[in-house]
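Right, one structure below, let's go through it.
The values are calculated or read from the model by the stated rules, or taken from the named source; none is laboratory data. Bear in mind that the values here come from a model prediction, so they are computed numbers and not experimental data. Cβ atoms come from the backbone with ideal geometry, glycine included; neighbour counts cover every protein chain shown.
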Amino acid sequence: MRLAPVSLLVLSLGAAAAGCGDDREADFPDPDVAGAASSPDGAPYPTDRVGSAARANGIPGARVPNLSFQGYVNGDRAAGLRTISMADFYDPKQERHKVLMVFAAATWCSICAANSEALVPKKAQLEAEGAVFLEIVVNGGALNEGPSLREVEAWMSRHGTNYTTAIDVRARRMGGLGVSTVPWSMIVDTRTMEILEAGAGAPADVAKYTRAGLSFVTTQPPSY
């Protein structure tokens, strides 16, 4: 399966830090947190076929691991940091949504910023169609740094973020899914948590990219 094309202009997370000094803010303390083991409806998160491979040439993709992060649900910083897990988006009966779009970003990345801002005015309509969104900030103000909590909050303020934003310092968790560059995008079928599409780049059109995933899910049976 191929979704809408994404921009291939990406920058490595592992490159040498640029413009860093001794006065830079400390990374956000990012210990592993115990997240939900089941969907909001109580369905246990599947543990078979877990991996990082996306669907290709008719071969089903792996299920995304049940990773957990700290972050702000629906952009609500007033509610404080909460634990966010992939299980929160698991919806085998499609009672809340059909696809999950995940995008990894860095606060220094101008392409990431454009992608984040493009989604804000389209979020409500796309959610009404069955999509849900998770932004994961993996770097701060320079390559291979952070983010700090202040950088994440400033990023959200700057872009008017109205969707869930999580923190994964230096892609410690998302690296297992292949996040070594930003921006990075993924579409997941929330019926099964199958990875339909994943890779470096930002959608050329975030709505078109998301709707391609919705079209697949509404016309094809679950892979497993």
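A128 fulfils the conditions (1) in contact with a strand residue (DSSP E or B) (Cβ under 7 Å, 6 or more places away or on another chain); (2) farther than 25 Å from P31 by Cβ except for a single criterion, (1). For segment 113-136, filtering for residues that are acidic (D, E), closer than 23 Å to T83 by Cβ and surrounded by fewer than 23 Cβ atoms within 10 Å (Cβ to Cβ) leaves 1. A142 falls short on exactly one of the conditions (1) within 25 Å of E197 (Cα to Cα); (2) in contact (Cβ under 8 Å) with a residue 12 or more places away in the chain; (3) surrounded by fewer than 23 Cβ atoms within 10 Å (Cβ to Cβ), and that condition is (1). Any chance segment 57-67 includes a residue that's under 17 Å from the mean Cα position of the chain (by Cα), more than 26 Å from E194 (Cβ to Cβ) and modelled with pLDDT of 95 or more? There is no residue in segment 57-67 that is under 17 Å from the mean Cα position of the chain (by Cα), more than 26 Å from E194 (Cβ to Cβ) and modelled with pLDDT of 95 or more. Within segment 94-122, if we keep just the residues that are farther than 26 Å from G141 by Cα and of a type outside the set (D, E), the residue that is farthest from the chain's Cα centre (by Cα) turns out to be Q94.
Taking the criterion of being among the aliphatic types (A, V, I, L, M) and in contact with a Phe, Trp or Tyr (Cβ under 7 Å, 6 or more places away or on another chain), the residues of segment 101-133 that qualify are M101, A104, L119, V132.
For segment 140-187, a residue qualifies if it is out of contact with any strand residue (DSSP E or B) (no Cβ under 9 Å at 6 or more places or on another chain) and part of a helix (DSSP H, G or I), and the qualifying residues are R150, A154, S157, R158, H159, G176. Hey, can you tell me all the residues within segment 77-93 that are over 17 Å from the mean Cα position of the chain (by Cα) and either within 16 Å of N162 (Cα to Cα) or at pLDDT below 95 (or both)? Answer for segment 77-93, where residues must be over 17 Å from the mean Cα position of the chain (by Cα) and either within 16 Å of N162 (Cα to Cα) or at pLDDT below 95 (or both): R77, A78, A79, G80.
If you check A198 against the conditions, is it part of a strand (DSSP E or B) and crowded, with 24+ Cβ neighbours inside 10 Å? So A198 fails the test.
Every condition in (1) closer than 17 Å to M86 by Cα; (2) in contact with a Lys or Arg (Cβ under 6 Å, 6 or more places away or on another chain) is met by A207 except one, and the failing one is (1).
Looking at S185, S85, just one residue is of a type in the set (S, T, N, Q) and under 16 Å from L214 (Cβ atoms), and that residue is S185.
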